[in-house]
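Trainee: Pasting a structure below so you can have a look.
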Amino acid sequence: MESFDFEQELIGLQGKLRNYAYLLFPQKEDAEDLLQETLLKALENRERYNENVNFKGWLYTIMHNTFVNICKSKKCCLFLSLSDENIGADITRTIEDFVADELSFEEVYQMVDELPENLRVVLSMRLKGFKYLEIAAHTGIPLGLVKSRIFYGKKMLKEMLSDF
């Protein structure tokens, strides 16, 4: 069985992690900081990594959780996460395919920007980590309507990504 070289695998995935960081933070400095923080956390928790677990998935999870923590600490994060597992695995898988194919994060952002405003606002908030009740309270929209708009926003985004 081939031995697992942690550092080599980490270096090999750095480009894909950078692309994912740009999906989360469109500003170069913020994306690079997120990448650096992710790599540091991975190295600090190296002994906690189980070789039976998908290494790439483990790193993406670290990056996503770091992103969510940054957003929560800022209280009003103006950035967009397209990987929130609570939003739907179908969209997450589609976005990961785009990142893996090294498509521009700007192209994905343009698709999100094309959503109707009523869907884009609530979906963006949900993708940033807001809970349904928080979105309803912040926007003044009833909870049922928030859930409905998020559902239709996800559906439209998925269709747009599949057409691309």
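Computed from the coordinates by the stated procedures, all read-outs in this text should not be read as laboratory data. Every value quoted in this text rests on a predicted model; they were computed, and no experiment measured them. Using ideal geometry, Cβ is built from the backbone for each residue, glycine included, and neighbour counts are taken over all protein chains shown.
Trainee: Using 0.36 nm per residue, how much length does the chain from Gln14 to Leu43 gain when fully extended, once their Cα-Cα distance is taken away?
Mentor: Full extension from Gln14 to Leu43 adds 9.1 nm.
Trainee: With r defined as the distance between the Cβ atoms of Asn52 and Gln27 and R0 fixed at 41 Å, what FRET efficiency is calculated, to the nearest 0.05?
Mentor: According to the calculation, E is roughly 0.65.
Trainee: So which of Lys72/Lys147; Lys41/Lys158; Lys131/Lys155; Lys28/Lys147 end up more than 27 Å apart by C-alpha?
Mentor: Too far apart for the 27 Å limit: Lys41/Lys158; Lys28/Lys147.
Trainee: What order, most packed first, do the peptides 19-28, 143-152 have when packing is the mean number of other Cβ atoms within 10 Å of each residue?
Mentor: 19-28, 143-152
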